[in-house]
Amino acid sequence: MGQKYHAYSEHWPEVDQTGRHERMLRCFAIVLFSRIIGQTALKARLIGNIREGRVPHAQFFLGPRGSGNLALALAYARYLLCEAPGVADSCGECPACKQMDKLAHPDLHLSFPIFLSEKVKTCDTFTADWRALVLKEPFLDAAIWRDQLEGENKQLRMGVNIAADITRKLSLKAYSGGWKVMLVWLPEMMDASAANKLLKVLEEPEPRTLFLLVGTEADQLLPTILSRTQLVKVPALAEADVEQALLARYDDLKPEDARACAVRSGGDLLEAVAMAEKSEEELFVLFRDWLRACYGLRVHEAAEFSEHFAKMGRERQKSLMRYGLHLIRMSLLQAERVPQLVRAVGQEQDFVQKFGALLNERRVAGLREELETAHVHLERNANPKVLFMDLSYRVYGLLRA
Ligand SMILES: [Zn+2]
């Protein structure tokens, strides 16, 4: 989904082998200040503190969901560990930066909530998963992490063994001889015993050791922990920044839709992303069910779809045509037995397999032409109700001839 496509161009778009997650990876793999959207004033202040040698030994990056507090804390850690930091960002080239590209710098220690069990009491088992997930989605929240761990009904927690592990790791000598950073993601999920253990470490700070707590709920932390950390308040993103982030993530998202999602998101990028994806999912269901009605020559049903489409608004109608073209192209790739190029999951994948079996060269060429022509006519303000009814008959003819 989300393919860049010009309906009226002569050529099929270049085949893009990357799926959505890989595209995210391409955009965000390097946790640099310059790659993190918005938060300009805060970034400048964080960088200024390090450059002036004022690094409080414990800081709490407190921000609402989708604000980017985790990404900022990681960029901050990277800047501190970078061997040749510039005035506005890490160098991106030094060995420390290269290690941070994978979040695998030996002086960056990571702690996060897990499903505690008899067998698993510390984070190490999941560190590789956590890194990979953060590199895909640096705006990670607890729900996404829980999904990754596949434990819908389990509770994420940080037990006393994780706190003990933090103490142990900080007793090690710094690998690079400089700073050691301990990032604690969602410290509000610590058990009382873990929190008390953490408090002890914070009470007796070691030199050149930095604690970065990253969370969303200050009132669930011990007041004594809060009083020992400097608060870094990360505000919700500005609407314009959310809009820009959506457009960077989804090639096919219309600027109008990006703006609508941004406005409704309340500055929560994850919420905006969920809305943008839902909008694509709705397009899929509409397009699939309409196509089935056409194929079955269920005239009454096709007419109902045409009326529904007619009410959707011009941009959404055009999105539907572009989405249809994308789906047909995916079905063709499936039919041509190059499924490795098919970017479809779940229901969409199922559809692509079944529909691919129905396609031949003539049908594909015909469908392409019909949808592209419809797109052009929509741009020229054709009557959508007439257009979609007409299109339904033509598609029936193509698929049944
Ligand atoms: Zn560097």
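Derivation of every value follows stated rules applied to the coordinates shown; laboratory data play no part. Note that the coordinates shown come from a computational prediction; the quantities given were computed from them, not determined experimentally. Note: ideal-geometry Cβ built from the backbone for every residue, glycine included; neighbour counts use all protein chains shown.
When a/c is below 1.5 the answer is rounded, else prolate if a/b is larger than b/c, else oblate, so apply that to the stretch 39-236 with a ≥ b ≥ c taken from the square roots of the Cα gyration tensor eigenvalues.
Taking the square roots of the gyration eigenvalues as a ≥ b ≥ c, the stretch 39-236 is rounded.
Looking at the stretch 39-236, what % of its DSSP beta bridges pair antiparallel, to the nearest 5? Walk me through the numbers before you get to the answer.
Details: 1 of 21 bridges.
Taking every DSSP beta bridge with both residues in the stretch 39-236, the antiparallel ones total about 5 percent.
Can you work out ³J(HN,Hα) from phi for every residue in the stretch 301-315, in order, using Karplus 6.51 cos²θ - 1.76 cosθ + 1.60 and θ = phi - 60°, giving whole Hz and x for Gly and Pro?
Residue by residue, the stretch 301-315 yields 5, 4, 5, 4, 4, 4, 5, 4, 4, 4, 8, 6, x, 4, 5 Hz.
Along Cα→Cβ, 7 Å out, is where each label goes; now give me the distance between the ones at L297 and E93 in nm to one decimal.
6.9 nm
Taking the Cα centroid of the stretch 349-369 and of the stretch 43-73, what is the distance between the two, rounded to the nearest whole Å?
51 Å
Among G313, T209, G296, which residue has its Cα furthest toward the positive end of the charge dipole of the chain, with +1 on Lys/Arg Cβ and -1 on Asp/Glu Cβ?
T209
So for the pair T40, Q353, with labels modelled 7 Å out along Cα→Cβ, what separation do we get in nm?
Label at T40, label at Q353, 5.0 nm between them.
Determine the gain in length on full extension of the stretch R362-R51; use 0.36 nm per residue of separation and subtract their C-alpha separation, reporting nm with one decimal. Intermediate results must be reported in sequence, preceding the final value.
Numbers: separation 311, 0.36 × 311 = 111.96 nm, distance 6.46 nm.
Value of the extension gain: 105.5 nm.
May I ask what percent, to the nearest 5, of DSSP beta bridges between residues of the chain are antiparallel? All intermediate terms of the calculation are to be shown ahead of the outcome.
Values: 1 of 21 bridges.
In the chain, DSSP labels about 5 percent of beta bridges as antiparallel.
Return the subset of K43/K98; K98/K173; K98/K197 for which the Cα-Cα distance in this structure is over 28 Å, preserving the input order. Display every interim value, and only then the final one.
Details: K43/K98 21 Å; K98/K173 21 Å; K98/K197 33 Å.
Over 28 Å Cα-Cα: K98/K197.
Which aspartates and glutamates have a Cα lying under 17 Å from the Cα of K354, excluding residues fewer than 8 positions away in the same chain?
K354 reaches D289, E336.
Taking 7 Å along the Cα-to-C-beta vector as the label spot, tell me the A84-E307 distance in nanometres, rounded to one decimal.
6.8 nm
Based on the Cα gyration tensor of the chain, what are the three equivalent ellipsoid semi-axes, each the root of five times an eigenvalue, rounded to whole Å and given largest first? Don't skip to the answer; put the middle values down first.
Working: eigenvalues 486, 87, 73 Å².
Equivalent ellipsoid of the chain: 49, 21, 19 Å, largest first.
For the chain, find the longest principal axis of its Cα atoms and tell me its angle to the long axis of helix 127-136, 0 to 90°, nearest 10.
Roughly 50 degrees between the two axes.
Would the stretch 49-103 count as rounded, prolate or oblate if I go by the C-alpha gyration tensor, calling it rounded below 1.5 in a/c and otherwise prolate when a/b exceeds b/c, oblate otherwise?
oblate
Enumerate the amide H contacts of M190 below 5 Å, restricted to partners 5 or more residues apart or on another chain; note that Pro and chain-start residues carry no placed amide H.
M158
Name the shape class, rounded, prolate or oblate, that the alpha-carbon gyration tensor gives for the stretch 270-400, where a ≥ b ≥ c are the square roots of its eigenvalues, rounded holds for a/c under 1.5, and otherwise prolate holds if a/b is larger than b/c and oblate otherwise. Could the numbers behind the result be given before it?
Numbers: a/c = 1.65, a/b = 1.12, b/c = 1.48.
Oblate shape, in that a/c is at least 1.5 and b/c is the bigger or equal ratio.
Summing -39500 (n - 2.57) over the DSSP H runs of n ≥ 4 in the chain and dividing by its residue number, what mean residue ellipticity at 222 nm do you reach, to the nearest 500 deg cm²/dmol?
Per the formula, -17500 deg cm²/dmol.
How far, in nm, would the chain grow between K102 and S193 when pulled straight, counting 0.36 nm per residue and subtracting the alpha carbon separation?
Separation in residues times 0.36 nm, less the Cα-Cα distance, equals 29.6 nm.
Once the Cα atoms of helix 361-379 and of the chain are each reduced to a long axis, what angle between those two axes, in degrees from 0 to 90 to the nearest 10, is obtained?
80 degrees
Magnitude of the Cβ-charge dipole of the chain, K/R +1 and D/E -1, about the Cα centre, nearest 20 debye?
That gives a dipole near 440 debye.
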